[in-house]
1. Arrange the peptides 316-324, 23-31 so that the one whose residues have, on average, the most other Cβ atoms within 10 Å appears first.
2. Order these peptides, 187-195, 9-17, by their mean beta-carbon neighbour count within 10 angstrom, highest first.
3. Residue 332 to residue 295: extension gain in nm, 0.36 nm per residue of separation minus the Cα-Cα distance?
4. Normalised by the residues of region 189-326, what does the relative contact order come to in percent, with Cα pairs under 8 Å and at least six apart?
5. Using a 10 Å cut-off around each Cβ, can you sort 297, 5 from fewest to most neighbouring Cβ atoms?
6. I need the peptides 62-73, 278-289 ranked by packing, meaning the mean over residues of other C-beta atoms within 10 angstrom, with the highest value on top.
7. Whole Å is fine, so just give me how far the alpha carbon centre of region 37-73 lies from that of region 262-276.
C-alpha cells in the first residue's frame, strides 16, 4: 500500500514536470471521462501532498484530488526532471543512509519501490531508469510517443515531454478550493506540511485522550497523516510499544517519541523512495536492505521469524482488517 512518503514523492514529480505546463487529459479506462475533459487543455498551477492524498491545481481554481488507496500508483514516462532534494550533486538519484554514508548510485529494489517510473503500489515492471545530468529519459530512443496505454488507466496526464498514468486509485475527483480545504481539515498533521512542533502537540493531544489502541490510532488519517501498515508496525517496534495499549494509557513521552520518529522516517522515505526503518547499518548492510524489503524492516512481514533484537517469534494478527506485525517480548 502506498504510504505518505510515496505521495510526497509523486507531488514533487508533478511540481518539477507538470506545474506551469499545459496538460492534455484523457481517461483510457473510461471511468473519469467527464473530469478529464474538464482538465484537458488547462495549465497545472500548483500541487500539494497531505498524508496519502495529492491535490493538483489547474487554471480557474480547479483541483484534482487523488487518493491512491491500497493499490493505486502513478506511472511516469518520457523526460523527468530530477528532484534536486533527492538527487546527488552529479544529478543522479543518490541515497544517503542513516549513518550519513553517501551512496553514489541508486539501489533499485526488486519491486521498484524507489523507481521514478512508477510511484505508489510497487510494480515489478518499469523499474529501469536511465539518468542524464539533469533529466532521466524513461523511454528508449525511438520509442513511440506518447507511449501506448497499458492496462486500466483511470487518468492520463500528458505534457509535451512527460506522461503520467494513474492506475487503481481509491479516489480521483475534481474539487473546488473550499472542498479541498474541507478535505485537508479532516486530516491529522503531516510532518512535511504542518509545523512540526504544532503537529506534535496535535498528535499527542489526540492520542492521549483516545481509548482506541495505539496500533489503530496510527492508521487513522484523522489522527496523523501518511502512516500505513508498514510504518505503523515499524514505529511501534522502534518505540517498544504494545500495539494494543489504549492511546490514553501510552506514556506521553512515548507518544512524542513516536511522532518525532515519524518525522525522521518520513524524510528518509521521501529521500530514498523506500520505507527504510533500520538504523546504524554499515554500507554493505545498507545496500542489502535497500535492495530487499526482507532486510529493511524490524518486524513488518516477518511473521514466524525471530525478532532481530530478542529472538522471539514475530507474530501477525488481524487488526481492523489489516495485518499487524509485532514482537510479543520487546513490545510486551
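Any read-out appearing in this document is the output of simple, stated calculations on the displayed coordinates, not a laboratory observation. If you're wondering where the values come from, they're calculated on a predicted model, not measured in any experiment. Using ideal geometry, Cβ is built from the backbone for each residue, glycine included, and neighbour counts are taken over all protein chains shown.
1. Listed from highest to lowest mean packing, they are 23-31, 316-324.
2. Averaged packing, sorted descending, gives the order 9-17, 187-195.
3. 11.0 nm
4. Reported relative contact order: 22 percent.
5. Lowest count first: 297, 5.
6. The packing order, highest mean first, is 62-73, 278-289.
7. Centre-to-centre (Cα) distance: 23 Å.
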